[in-house]
Amino acid sequence: MAEAMLGWPETPGHPAIDTIQANSSGANLATGLFLGIGIQPPALSLLQTSRERSTMIRLFRALLVFMAVAATAAPAAADEFATADEAVALVKKAVAFYEEQGQDKAFAAFKADDGGFQVKDLYIFAQDLTGMTLVHKNPGLIGKAAAGYKDAEGKLFMAEMIKVANEKGSGWVDYMWVNPATKKIQAKSTYVERVGDVFLGAGIYK
């Protein structure tokens, strides 16, 4: 009943569920459940009634299935976060598009959800060489002077991006910022590259 309430299927195919089904009755089931999660099983004789035994079995079966589902879901979630190589590739793609199509078409594509410039948790932003925000996923930042922005540790990270764009043409800037996915302050690295009188960037969380 516990697993039905939580919406878990009673179908084979997952190692943890196979463990459950391989030990499908009475004490053998409870033993299989505990061993499936690496815990030495208690003696069922300590439980006073058959109802208590049945309740324990249902609860631990639900726990084991939950752990199995969580373990298989974790890798998929990790795939949603971009790598440093993907950030560089996206910015270089944006720079090439800007040079080929011009600023108006490029900025329109960068802003569009289906413009091809939002990959996993990456998006393209654009600043002029004074730090004015020209394109950003957050429309409220467009038109704002960002040169004075500080991170959680007081670092003028946007001023450093401007310096990198002006002096080196491209490069990485590290700072601490709130990750919208976790709502926590995390280390972030943003790759920026100058094109004409603006620079484009995309950042990853570490």
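The table that follows gives values for the structure above.
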item: Rg ratio (alpha-carbon, reference 2.2 N^0.38 Å) - segment 72-206; result: 1.01
item: Net charge, Leu141 excluded, C-beta distance under 14 Å - Lys, Arg +1, Asp, Glu -1; result: +2
item: Computed label-point distance, nm, for sites Asp104 and Met176 using a 7 Å Cα→Cβ extension; result: 4.4 nm
item: Mean shadow area of segment 87-129 over all directions, Cα convex hull, nm²; result: 3.0 nm²
item: For segment 137-177, fraction of C-alpha pairs farther apart than 13 Å, in %; result: 58 percent
item: Pair-distance profile P(r), taking every C-alpha pair of segment 112-186, with 5 angstrom steps and integer %; result: 3, 14, 20, 27, 23, 11, 2
item: Packing-based exposure ordering (other Cβ within 10 Å, fewest first) of Tyr149, Tyr191; result: Tyr149, Tyr191
item: GluC sites (Glu not before Pro) lying in DSSP loop within segment 71-160, provided at most 12 other Cβ fall within 10 Å; result: Glu80, Glu153
item: Calculated P(r) of segment 144-206 - Cα pairs past 19 Å, %; result: 29 percent
item: Rough spin-label spacing in nm, given labels placed 7 Å along Cα→Cβ, for Ala145 and Ser189; result: 3.2 nm
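Every read-out reported here was derived from the displayed coordinates using simple, explicitly stated rules and does not represent laboratory data. Treat the numbers as computed from the prediction; the structure is a model and nothing was measured. Note that each Cβ is placed from the backbone with ideal geometry, even for glycine, and that neighbours are counted across all protein chains shown.
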